[in-house]
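What follows is a single structure, written as structure tokens, with notes after it.
The values are calculated or read from the model by the stated rules, or taken from the named source; none is laboratory data. Nothing here was measured: the structure is a model prediction, and the numbers come from that model. Here the Cβ positions follow ideal geometry from the backbone for every residue, glycine too, while neighbour counts run over all protein chains shown. With ligands, DNA and RNA removed, areas are computed over all heavy atoms of the protein, side chains included. Shrake-Rupley method; radii C 1.70, N 1.55, O 1.52, S 1.80 Å.
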Amino acid sequence: MRDAQSFDDFYRGTVRRMVRYGYAVTGDHNEAQDLVQEAYARAWRQWGRLSAHPAPEAWLRLVVSRLATDRWRRLGGLRGALRLAGPPPPVPPPNEDSVLLVQALRQVPATHRRVLALHYLFDMPVEEIAREVDVPVGTVKSWLSRGRARLAALLPDLAVVELEATDVA
């Protein structure tokens, strides 16, 4: 049986050392955090047996080392595939309108941003969005309307250009 309190105590007492160890092994702080998190998840699954182990921290270090080795092997395979395929084509920088749109979207509430993305990027009808987001159809319509209004207020120059383009066509 797993004892949550003893695992919490073990975690609090060892996590800083484990992240430092993971960093020493990988040379990347984010990678170290990922490996250590996975190692603790594995330790929790086996905590009933592991808590009786004479050196649970050593077991954890071994897991971190093996996870790091596995990732290095996978990266080696990816490097080989990249060498065979060649580098990907360069990606052009985003145009000014895209940058402005992303900045404006960050100022729109998350619920409005989500329904705008579902509607305009995935061409989903309002009813389908309502089912996915689990809100009434009227709420989706309201969020779409408010999201469009907020974007129009944040991007007045783009809205005028878009209107002019549709008037010509």
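Close contacts from segment 96-122, counting a first residue that is under 21 Å from THR139 (Cα atoms) and open to solvent by 70 Å² or more (accessible area, probe 1.4 Å) and a second that is at pLDDT 90 or above and of a type in the set (Lys, Arg), with Cβ to Cβ under 8 Å and a gap of 6+ residues or different chains, come to GLN107/ARG150.
Among residues belonging to segment 30-45 that are open to solvent by 70 Å² or more (accessible area, probe 1.4 Å) and out of contact with any helix residue (DSSP H, G or I) (no Cβ under 7 Å at 6 or more places or on another chain), point out the one that is nearest to ARG74 (Cα to Cα). Within segment 30-45, the match that is nearest to ARG74 (Cα to Cα) is ASP34. Here is a check on your reading of the model: is LEU75 without any contact (Cβ under 8 Å) to a residue 24 or more places away in the chain and open to solvent by less than 70 Å² (accessible area, probe 1.4 Å)? Taking the combined requirement at face value, the residue does not satisfy it. Inside segment 1-29, residues that are in contact (Cβ under 8 Å) with a residue 24 or more places away in the chain, open to solvent by 100 Å² or more (accessible area, probe 1.4 Å) and farther than 13 Å from VAL64 by Cβ make up a count of 2.
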